[in-house]
Every structure is written in C-alpha cells, then in structure tokens.
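Chemist: Sending over a structure as structure tokens; questions will come in a sec.
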Amino acid sequence: MENQVSEKVNCLIIGSGPAGYTAAIYASRANLKPVLYQGIQPGGQLTITTEVENYPGYPDGIQGPEMMVNFEKQAARMGADIRYGLATKVDFSSHPLKVQIDEEKWIEANSVIISTGASAKWLGIPSEQRLNGFGVSACAVCDGFFFKGKEVAIVGAGDTAAEEALYLSKLCSTVHMIVRRDQMRASKVMQDRVINTDNIKVYWNSETDDIIGEKKVEAVKIKNNQTKEFSTIPVSAFFVAIGHEPNSSIFKGWIDMDETGYIKTIPGTAKTNILGVFAAGDVQDKNYRQAVTAAGSGCMAALDAERYLGEQGLH
Ligand code: NDP
C-alpha cells in the first residue's frame, strides 16, 4: 500500500539549521517529544561558513560548524530525537499529516515544523554544470583550499560574495570578482573590505558568458554590459555566490508560497495555510536570512505548535 505509515509522532521537525534546532529545543522542553530529520546537510548553511561574528552571545565570534554542533548538542540534551534523513514527499490532505522520509518510510505527525532552509543558486550556463566539482563551486570555504596560490574568479555582489572573495583573497594569488551592475548589494563594511583588498580585482557591469576548460576550469569569459566587449581571464576556479533559493519544492501544491518559492506564514506567527504545519527560518524568510532570525522563528514555530496541539487536545 502506498503511504504506508511506519511511525507516528507528535511534532516532526524537518531541517537542522538554527531554525530547526531551536524549534527542537523549545519543543523538547515543552514535552512535545519532537523528532527532527536533518536533511542532506546536517547543520545547514552555517556548516559551510567560517567565522560568525553577529550571533549574540559569542563576544569573540564562533566558527559556523562549531556553532551548529552546539545547537545540535543542546537540542539532543533537551531530548530531541535527531535523525539523519531527508523528507522527500508530504501528504497534507488530512490529519494526521504525513511526511515521507528517504523516499520510503512514511511518518504520521500531529504537527510539522518546516525549517528546510535555502540552497545556493547557480547561473544556469551549461559549462557551470559540466565543470561543477572540477573548479566550479558554490562554496569558497569548502573548496578554496584546493586553489591555494592560484587565480580564481567569483561571481556575485552580495554579502556572501564579498565574504567569500575576502576568504579567497587570503588563500589565492588574485580573486577576480564579477559584478553585474555598477554597484554591490553587500553591506557597506563588506564592500569597503573588498575594495581595499589589493588582490581582489572587481569587474563592474560584467556578466559571465562562459566558463572555459575541457576537464577543469581554465578561464572565465566575461562580457561588459556597457561596452559589449568580451574578455577572458585565466583562472583555476570559478565560485558562484549569487544568492539562495528556498528548499520548498516538496511542499508545492500544499503550502502557500510566493512566486519565488518562499513559504508564506501568517504575519507575526509561524503558521502556514495548513493547520498544524508551521514554517521557520530561511525557507519562509527572504528578507533577513540571518542565523539569529532563523533561530527566533524556530522558537515561534515550536510555541505555535505547542499551542495548536494543546487546542486540539493532542498535548
Ligand atoms: P543576495 O541576494 O543578497 O545577493 C546576491 C548577489 O548576486 C547580488 O549582488 C546579485 O546581483 C547577484 N546575482 C544574482 N543573480 C546573478 C546572476 N545571474 N549573475 C550575476 N550576479 C547575480 O545574496 P547573498 O547570498 O549575498 O546574501 C543573502 C543574505 O544573507 C543577505 O541578506 C545578506 O546580507 C546576508 N548575509 C550576511 C552575512 C553577514 O552578515 N556576515 C554573510 C552572508 C550573507 P544584483 O545586486 O545585481 O541583484
């Protein structure tokens, strides 16, 4: 039988970034006995970042991966049942809600907290896909090390691109930064750091036309939007840092979303259009996208879930 249920839980949390783990901490302490599925990247996006300087409570900053280990430990200590596994399908047509894990096991849940976060965006040019893993990367912190002393390129102009360009500038001989407009979106302080770094060369009004290389990245071809001229820069790696998209595809058709796939919540709450389903963190936040706001919304989701379960006589 399809949708054969193998387990029933009171509160199912999907995702293991700051939102998911904070929801797990609150839900555990409220005795909701949450089960949390970590997804394919346990700890979420912070596990591929370096120093986190803006999370309150760490006066000297903390490394992203270490912070996420702390989040997990705290949730586990409170009693959350933390499991490795990916939610692959949902059926929210009736209560209890149903969530499929790893394309096989179905779990019934009285409440679901969606905290699946967001993932890196790609340019969408064929050479980017072909050379992915062969010099093309969306994570400077993960892969920059392999290009020590080499020339590399990075595309993007937000805080992520700025942060990653600075990170790469400490490892690589030159960082060629490709910016599509005549200005950056990154915060002023990050922009200043980029501009004042000698070995970061910014190419304004420039778009990536192609990434060149047979088996590995050898150069990037860019086009100046104003002069319409093309130029080729020899590089060993090409880093993509052009933002993120919400990991919400499995909820399409069930949960209300905006045109870019961000889950809509009722303002001031973590409630979605489906009773008993709550959303927290980057999957429902295209504005702030910070670890601390994600954690805050994870707390809201757990409190909303607790109230909902109480009202339904399920807690
Ligand atoms: P953003 O959406 O802020 O920036 C994306 C950048 O990529 C923009 O500059 C955009 O250009 C550019 N871009 C998008 N598509 C393309 C394309 N096809 N070709 C070329 N360039 C493209 O994403 P970020 O990941 O940088 O940041 C997300 C959020 O996280 C932000 O709120 C940011 O402040 C925050 N953040 C904070 C950090 C910190 O505080 N330490 C560190 C990292 C992120 P355009 O400007 O022209 O649209």
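The values are calculated or read from the model by the stated rules, or taken from the named source; none is laboratory data. Since this is a predicted model, take the numbers as computed values, not measurements. Methodologically, a virtual Cβ is constructed for each residue, glycine included, from the backbone with ideal geometry; neighbour enumeration extends over all protein chains shown. Surface accessibility is based on the protein's heavy atoms, side chains included, excluding ligands, DNA and RNA. Shrake-Rupley method; radii C 1.70, N 1.55, O 1.52, S 1.80 Å.
Chemist: What percent of all Cα-Cα pairs in the chain falls into each 20 Å bin, going from 0 up to the bin containing the maximum distance?
Modeler: 32, 50, 18, 0
Chemist: Can you tally the lysine pairs in the stretch 122-240 where the Cα-Cα distance is under 19 Å and the two residues are eight or more apart, or on different chains?
Modeler: For the stretch 122-240, the number of qualifying lysine pairs is 12.
Chemist: Suppose every K and R has +1 on its Cβ and every D and E has -1 on its Cβ; what is the size of the dipole of the chain about the Cα centre, in Debye to the nearest 20?
Modeler: In total the dipole reaches around 120 debye.
Chemist: Tell me which GluC sites (Glu not before Pro) from the stretch 16-74 have a DSSP coil assignment and no more than 12 other beta carbons within 10 Å of their own.
Modeler: Qualifying residues, ordered by number: 53.
Chemist: Oh, and also: State the extension gain, in nm to one decimal, for the chain segment bounded by residue 210 and residue 192, taking 0.36 nm per residue of separation less the distance between their alpha-carbons.
Modeler: 3.6 nm
Chemist: If r is the Cβ-Cβ distance from residue 60 to residue 129 and R0 is 41 Å, what FRET efficiency results, to the nearest 0.05? Walk me through the numbers before you get to the answer.
Modeler: On the way: r = 40 Å, r/R0 = 0.98.
It comes out at approximately 0.55.
Chemist: Next up: I'd like the GluC sites (Glu not before Pro) in the stretch 91-177 restricted to DSSP loop residues with at most 12 other Cβ atoms within 10 Å, sorted by number.
Modeler: 103, 104
Chemist: Follow-up. What aspartates and glutamates does residue 33 reach when the alpha-carbon gap must be under 13 Å and sequence neighbours fewer than 8 apart in one chain are set aside?
Modeler: By straight Cα distance, residue 33 reaches 81, 306.
Chemist: What full-extension length gain, to one decimal in nm, is calculated for residue 174 and residue 122 as 0.36 nm per residue of separation minus the Cα-Cα distance?
Modeler: Gain on extension, residue 174 to residue 122, equals 16.5 nm.
Chemist: May I ask for the angle, rounded to the nearest 10°, between helix 18-29 and the longest principal axis of the chain, with both axes built from Cα atoms and the value confined to 0 to 90°?
Modeler: 20
Chemist: Using a simple charge model, +1 on the beta-carbon of Lys and Arg, -1 on the beta-carbon of Asp and Glu, nothing else, what dipole does the stretch 122-240 show about its Cα centre, in debye to the nearest 20? Working shown, then result.
Modeler: Details: 15 positive and 15 negative charges, 8 e Å.
For this selection, approximately 40 debye.
Chemist: Considering amide H positions built from the backbone, and no H for Pro or chain starts, which residues 5 or more places from residue 111, or on another chain, come under 5 Å of its amide H?
Modeler: It is 11, 12, by chain and number.
Chemist: Beta carbons within 10 angstrom, averaged per residue: use that to sort the peptides 38-49, 276-287, highest first.
Modeler: Packing proxy ranking, top to bottom: 276-287, 38-49.
Chemist: Could you state the accessible area per residue of the stretch 122-240 in Å², with a 1.4 Å probe and every protein chain left in place?
Modeler: Accessible area per residue: 53 Å².
Chemist: Another question, if that's okay. Starting from the Cα of residue 307, move 7 Å in the Cα-to-Cβ direction to define the label point; list residues of the stretch 240-280 whose amide nitrogen is under 20 Å from there.
Modeler: The answer is 256, 264-280.
Chemist: At a 1.4 Å probe radius, carbon and sulfur cover how many percent of the accessible area of the stretch 122-240?
Modeler: 49
Chemist: Give, in nm to one decimal, the length gained when the segment between residue 185 and residue 201 is fully stretched (0.36 nm per residue of separation minus the Cα-Cα distance).
Modeler: 4.1 nm
Chemist: Would you compute, for the Cα atoms of the stretch 122-240, the largest minus smallest coordinate along each principal axis and list the three values in descending order, in whole Å?
Modeler: Projected onto the principal axes, the Cα atoms of the stretch 122-240 cover 38, 34, 22 Å.
Chemist: So which chymotrypsin sites (Phe, Trp or Tyr not before Pro) in the stretch 45-142 are both in a DSSP loop and have at most 16 other Cβ atoms within 10 Å of their Cβ?
Modeler: Listed in order of number, the matching sites are 84, 122, 134.
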